[in-house]
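Quick note: the coordinates plus some simple rules give every number you see, no bench work behind them. All of these numbers come straight from a predicted model, not from anything done at the bench. Using ideal geometry, Cβ is built from the backbone for each residue, glycine included, and neighbour counts are taken over all protein chains shown.
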Amino acid sequence: MVFRLHLRANAAFAAAGPLLVVVLLYVFAEEVGGGPDGYWVAGTAKAVSALMFIAPVVAACAAWEAGRLRRAGVAGGAPVRGGFRIAMASLSPVLALGLLALLVSLVGVRVGMAAAPGWPEPTILAAAVVTLCGWLAVGYALGVWLPPAASVPLALVGGYLWQVYPPALEPLWLRHLTQPARGCCTSADAVAAGGLSGPALAAVALAGTAVAAAALSRRAPRRGAPGGARSVLVTAVALLVASATGVAAVRAVSGLGPDAVAARSADELVCADAGAATRVCVWPEHERRLDETVEVVRTAVAGLAPVGIAPPALVTELPHQAAQYEPAAGGEDGAVTGGAVTDGAATDDSASGGTPPSTGSPDQWTITVRAATSFTTDDIRAGLAADLAGALLDGGSRTPAADCPADPADAADQGFQAANHLFAWLAVRAGTEPQEARDRFDPQLWTAVGAALDGDDAAQAAWFRATLDRAGCAPR
Amino acid sequence: MSVEFESCTHRYRRGPLVLDRLSFAFPAGRTVLLGPNGAGKSTVLALAASALRPSAGSVRFGALDPAVRSQLRSYRRDVGWLPQQVTAVPGMTCREQVAYAGWLKGMARGEAWTGAVPALDRVGLAKKADQQASSLSGGQLRRVGVAQTLVHAARLVLMDEPTAGLDPAQRTAFRRTVERLSEVADVIVSTHQTEDLWEVYDHVVVLAGGTVRFLGTVDAFRALAPPGAAAGREAEAAYAAVLGDGEE
Amino acid sequence: MTWWSRTRRLPLLAACLVACWLLVVPFADASLPVPQLGGATAADVPLLLFAPLLPVVALIVCCGGAPAHEATTVRRVGARDAALAAALPAATAVVVGVAVLAGFGAGDGSGGSPLWSVVRNLGAYTGLALLARAEFGHHAATLLPTLTALTVAVFGYGPEQRAHWWAWPAAEPADPLAWAGSAALLTLGLARTVSRDRPAPR
């Protein structure tokens, strides 16, 4: 005989509408983090963060269904089928609801992404499904032991607080036991392995405890008699699994910080040449804007080279953490560690008299690209200028600033003002239209920068070096 | 004097119509209420017990109308009810559970406590008076339920399937209980067991589809059995004849 | 102990009520930072929002074992049940009053002790649970107050983390609308409970 599920009678049927509405509200809420910007790992992590609503509802529905089996006296009916199959006959619609809610969350996130090359991250989804199954088991065990009037509220409130409270607790890794890929990710991050295995193992530990609890209950439907050898064996194995996975879960997450992230591999970058010496690399989700970015870089390089800022070897979205200036012994220019930053051929060029002396310009520039069309070419250019200004200032900070005011407050004021001048000047040299720059910046600031821009390249190079020196007065 | 239904309609929430303008009066004495599953027997008894209020129409016991606020207490004091589901109250002994039923029906606490023992004795559970009700078997719990209807001096006792789950010896004992009870009260029993109708009851009411199909004496009911009905099976044959084909 | 109180499992109910008091009196100011979908980025949802659910769940569970023949009682069982339900916020009010006098739950001094919120919320949740029991039955009775608490926790806070007008359980301890609404819910719930032993329409 074919066993048919009466879906309309299942708690999942009643819970589906409200849960899906809450999930959609959550996914589209402006307050819930930034958009994943076409990066599927971030998108998938955002989608599974809706588990904070899905998991408690799944647990509550499972508790209700277990209560229905209790009231129906199924355990006393000497069933032929095993306890797992009986439970799954009631719980499969609940699990389906959880999966549907995850899918809706994923679709909602995808709708909010401008472009999304590739597919959702399967490892994050797998960890989320394991977490869901853990809560399904917990809800079922609660429903087996407690009446629905107690088990359903306990599953709802307990499940919700379990999901949302740990981030407020120390140690920081505690939060990673409750939800996969928590805090993941910016474009530059990949999900940390512990951020996936930890919550999945913790969910298995929860499920093991729940199975042991259900096996101990007289009211849980099962083929054998309660307290029989089979029940004892199931309880022992479940507790063993729960202990082992619990310990493994803690070990998996114990090295994590507030976010379950690791550095994203540079191998993923998609690159193109912007002239003979410069290569531009962006993340694959921004590949559609690579040509546009190359053009921005080419323009910037062409505008900055005449004033002593050497063309970089690499312009990349990879964060510039490797580039570290070391103060050059006896000199004001930075030396490079790691090969990422160099003052390049400045000395040679200066000696040859071809271009003004270089000012410790980094060999690698960072750039910021977004998939959204609202992020314009000017935004890419402004980002490039800002990142470059930061890199130059970081390099310049090691340079003893000359003529700084004695009063630290005045020195800082002078330094920050110079940094703002530098940023505006870099933006225009990198290709921003002067008129647009005039509109964007403070008129008083623009007066000084506009005057500098009126000079020839040599004068501007001198202004640039002097301004960089003045910026060094600010503490960094 | 017995309970009387007048144009009584009842529908459970979001459910189908269970009773549709039902008008009849249960005869005095011992009456058995027969009918297929879902015929409305339990609803009729719950309405008669004032556990339910009819959607339309009225129920009366003599001059008492439970819909009249001032008459409800008197009505309930006069009517005892054994519901279909008897539950054991966790932590209560059989005697406490029966005494509690008496107290609920307005008996003084001491009176109910004293009266619980003979009530349990009448259903053969005197020896288990101090045992937890939750430790009893289903049939024994049913007998506690019967004792709960006997503990107070009701003038009308309604029993919804009191013999379900009872062993043959207990069913025989139950017959004696009904006979004794009928000396002081009218008794209406809903059941599916027809083999002992002639020995216990005076009247038969057959309910089907929310309407009364038969109301009369046991002899009149027996007369409905076809002439060739097997000995001992007359009640079943009469019942089938009342319902017609396909109702059972 | 009377038979009626035995059927209501008063010791268990009392234990849960005392557990609630022990939870809220020392930790009246405790809060949980919870993500918000109601306008705030995140809100510090007070413990007082969830803690009163414990005695309310206990009330429903403990009163769930009443035998079926109570439906035809001559005694005013409904009135006793209503008195029992009303005793939860009443007893909590006494405990909170003593605790406030003893210096617990001082709050920020702007709108009274936050401890009074637990009395208000307990009243509202009790009323909701009693109404839900009358409407949906005993098993689903606790769902309504639980969902109310969760809805308030998730959607109840607007900009600057101020509770929306409808989120009574999250309102300031002295908010008159929240008190009036909670009192109305409790009154309605008690009224339905008092008439519980009258013949039911279904």
Just the number: Rg to Rh for chain B, Cα atoms, Kirkwood Rh, two decimals.
0.97
May I ask for the angle, rounded to the nearest 10°, between helix B:168-181 and the longest principal axis of chain B, with both axes built from Cα atoms and the value confined to 0 to 90°?
90
With labels modelled as points extended 7 Å from the Cα through the Cβ direction, what inter-label distance (nm, one decimal) is found for A:ALA263 paired with C:ALA68?
7.2
Rank A:ALA389, B:GLN97, A:GLN460 by how far each Cα sits towards the positive end of the charge dipole of the protein assembly as shown (+1 on Lys, Arg Cβ; -1 on Asp, Glu Cβ) and give me just the farthest.
B:GLN97
Once you compute Rg and the Kirkwood Rh from C-alpha atoms, what is the Rg to Rh ratio for the stretch A:174-272?
1.24
Principal axis box of the stretch C:65-202, alpha-carbon based, largest edge first, Å
52, 34, 22
Taking every other residue with Cβ under 13 Å from the Cβ of B:ALA48 and scoring Lys and Arg +1, Asp and Glu -1, one gets -1
Over the stretch B:53-126 - Rg/Rh using Cα atoms and the Kirkwood inverse-distance radius:
1.05
Span per principal axis, largest first, for the Cα atoms of the stretch A:88-213 (Å):
48, 35, 21
222 nm mean residue ellipticity, helices alone, for the protein assembly as shown (DSSP H n ≥ 4; -39,500 (n - 2.57); rounded to 500):
-16500 deg cm²/dmol
Relative contact order of the stretch A:179-325 (C-alpha contacts under 8 Å, at least 6 apart) in percent is 25
Quick one: the Cα spread of the stretch A:219-311 along its three principal axes, in angstroms, biggest first?
86, 27, 20
Give me the percent relative contact order of chain C, please, defined on Cα pairs under 8 angstrom at least 6 residues apart.
28
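How large, in Å, is the stretch B:116-248 by the Kirkwood hydrodynamic radius built from its alpha-carbon pairs?
16.2
Under DSSP H, which helices of chain C have Cα atoms covering 18 Å or more of the helix axis and a Kyte-Doolittle average no less than 0.0?
C:10-24, C:77-101, C:116-136, C:176-194
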Per residue, how much space in cubic angstrom lies within the convex hull of the C-alpha atoms of the stretch B:1-110?
144
Give me the net charge for the shell around B:LEU224: Cβ to Cβ below 12 angstrom, other residues only, Lys and Arg +1, Asp and Glu -1.
-1
Normalised by the empirical 2.2 N^0.38 Å for globular proteins, what value does the Cα Rg of the stretch A:240-291 take?
2.02
Could you work out Rg/(2.2 N^0.38 Å) for the stretch C:1-150, with Rg from alpha carbons only?
1.14
Per residue of the stretch C:27-33, what does 6.51 cos²θ - 1.76 cosθ + 1.60 with θ = phi - 60° give for ³J(HN,Hα)? Whole Hz please, x for Gly and Pro, Karplus curve as stated.
10, 4, 8, 5, 8, 10, x
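What are the semi-axes of the equivalent ellipsoid of the stretch A:7-263, taken as the square roots of 5 times the eigenvalues of the Cα gyration tensor, listed largest first and rounded to whole Å?
Semi-axes, largest first: 33, 21, 14 Å.
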Sites matching GluC sites (Glu not before Pro) across the stretch B:127-209 that sit in DSSP coil, with at most 16 neighbouring C-beta atoms within 10 Å:
B:GLU183, B:GLU195
Output the lone cysteines of the protein assembly as shown: those with no second cysteine's C-beta under 4.7 Å from their C-beta.
A:CYS61, A:CYS133, B:CYS8, B:CYS94, C:CYS16, C:CYS20, C:CYS62, C:CYS63
Percentage of Cα-Cα pair distances in the protein assembly as shown greater than 47 Å, rounded to whole percent?
47
